[in-house]
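The values are calculated or read from the model by the stated rules, or taken from the named source; none is laboratory data. Predicted model only: the values in this text are computed from it and were never measured. Cβ placement follows ideal geometry from the backbone for every residue including glycine, while neighbour counts extend to all protein chains displayed. The accessibility values were calculated without ligands, DNA or RNA, using every heavy atom of the protein model including side chains. Shrake-Rupley method; radii C 1.70, N 1.55, O 1.52, S 1.80 Å.
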Amino acid sequence: MKKFLQKFRKGESGATAIEYGLIAALIAVVLISSLTRLGNNMSTRFNSIGSSVGSR
């Protein structure tokens, strides 16, 4: 039992999985926010183009 607890304490597989999960969550947040901003900018630009074409 003592060896098991020492091995469990030294094991880093759980910590590594948590780190990978945090990195994946951070990447997802960055992607979602940047794609949302890009979508809003593109929508504004297309609306501007559409209104200038429609007024001619």
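With each label point set 7 Å from Cα along the Cα-Cβ vector, what nm distance links residue 36 and residue 18?
2.7
With a 1.4 Å probe and all protein chains left in place, how much accessible area per residue does the chain have, in Å²? Don't jump to the answer; show the numbers that get you there.
Working: 5490 Å² over 56 residues.
For the chain, the solvent-accessible area averages 98 Å² per residue.
Using a probe of 1.4 angstrom, how much of the accessible area of the chain is carbon and sulfur, in percent? If you can, show how the numbers build up before the last one.
On the way: 3620 of 5490 Å².
In the chain, the share of accessible area belonging to carbon and sulfur is 66 percent.
Using helices alone, what [θ] at 222 nm do you get for the chain, with -39,500 (n - 2.57) per DSSP H run of 4 or more residues, divided over all residues and rounded to the nearest 500?
Result for the chain: -32500 deg cm²/dmol, rounded to the nearest 500.
Given (1) 2.42; (2) 1.38; (3) 1.43, which label gives Cα Rg over 2.2 N^0.38 Å as computed from the coordinates?
The value computed from this structure is option (1).
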